[in-house]
Amino acid sequence: MTAVDLFFNELKRMQYFIGNDMLHPYREANKMLEQQIKDAYNQGFRDASNNEQLKDISEYENAQIYYNETFKK
């Protein structure tokens, strides 16, 4: 569960929503978070691959696979 999911679930629990007034911002926040996670993964992969001591860096060679396996339900 991401921080965005936790926040959204807490708002629902508090019965904050009327209809779908927050559904679009929730989806947009999740898209932004997903991109940030992928960018961080790719940057870490690039940084580690520049380090001569780290030849076999990760079992994940793709940010999308990493994101799906780590954050998708």
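For segment 23-40, putting each phi into the Karplus relation 6.51 cos²θ - 1.76 cosθ + 1.60 with θ = phi - 60° gives couplings of 5, 5, x, 4, 5, 5, 5, 5, 5, 5, 4, 4, 5, 4, 5, 5, 4, 5 Hz, in residue order, rounded to whole numbers and with x for Gly and Pro. Treat each spin label as a single point 7 Å out from the Cα along the C-beta direction, and report the Phe7 to Lys31 distance in nm. Modelled inter-label distance: 1.7 nm. A simple rule links phi to the HN-Hα coupling: the Karplus curve 6.51 cos²θ - 1.76 cosθ + 1.60 with θ = phi - 60°, which for segment 63-71 gives 4, 5, 4, 4, 4, 4, 6, 8, 10 Hz, with x for Gly and Pro.
Throughout, read-outs are computed from the coordinates displayed, never taken from laboratory work. None of the values given here were measured: they were computed from a predicted structure. When we count neighbours, we look across all protein chains shown, and the Cβ atoms used for this are built from the backbone with ideal geometry, even at glycine.
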